[in-house]
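I have placed the structure first, in the form of structure tokens, so that the comments after it can refer back to it.
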Amino acid sequence: MQITDGGLADVAENLLTLEHLTFSGCTSVTDISVSLVAIHLQRLVALDSSKCDNITDKSILDLAKHSHNLTHLDLSMCSQITTHAVDQLEENIPGLASLQLRYSGARLSTKMYAL
């Protein structure tokens, strides 16, 4: 498939309205990838970054700073995520209803989340 310049503009515009994104298991996803998502995809409500072991607290802090519409976030099996970053998510994204941290380097505070 070939995308023309006009088609590329349409793709970029549609990405700005993206609400659900899954990176699960993508070993090439890094802090840069997640930070760019946080900064540019302001309408994102669900992000699955599970099994992306190359992301660190930097990504999560960028999500906390820019992704205020997030309601669902999966960071399962992201071993470099710490409780400090999770605390920032909880503080800065009050609408976060589901946060998955199974087998990650972080733990939840006392706030309850959906399973």
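When segment 35-45 is filtered for residues that are in contact with a Ser or Thr (Cβ under 7 Å, 6 or more places away or on another chain) and closer than 20 Å to Ala97 by Cβ, the ones remaining, listed by number, are Ala38, Arg43, Leu44, Val45. Note on segment 19-34: residues that are within 18 Å of Ser98 (Cβ to Cβ) and either in a loop (DSSP other than H, G, I, E, B) or at pLDDT below 90 (or both) amount to 3. Residues that are open to solvent by less than 30 Å² (accessible area, probe 1.4 Å), under 15 Å from Ala106 (Cβ atoms) and either in a helix (DSSP H, G or I) or at pLDDT below 90 (or both) occur in segment 61-79; there is at least one.
Entry remark, segment 80-105: residues being aliphatic (A, V, I, L, M) and either touching a Ser or Thr at 6+ places or on another chain (Cβ under 6 Å) or part of a loop (DSSP other than H, G, I, E, B) (or both) number 5 in total. Is segment 46-60 home to any residue that is open to solvent by 40 Å² or more (accessible area, probe 1.4 Å) and in contact with a Cys (Cβ under 7 Å, 6 or more places away or on another chain)? There is at least one residue in segment 46-60 that is open to solvent by 40 Å² or more (accessible area, probe 1.4 Å) and in contact with a Cys (Cβ under 7 Å, 6 or more places away or on another chain).
The values are calculated or read from the model by the stated rules, or taken from the named source; none is laboratory data. Given the structure is predicted, the values throughout are model-derived calculations rather than measurements. Neighbour counts run over all protein chains shown; Cβ positions are idealised from the backbone, glycine included. Areas reflect the complete protein model, heavy atoms only, side chains present, ligands, DNA and RNA absent. Shrake-Rupley method; radii C 1.70, N 1.55, O 1.52, S 1.80 Å.
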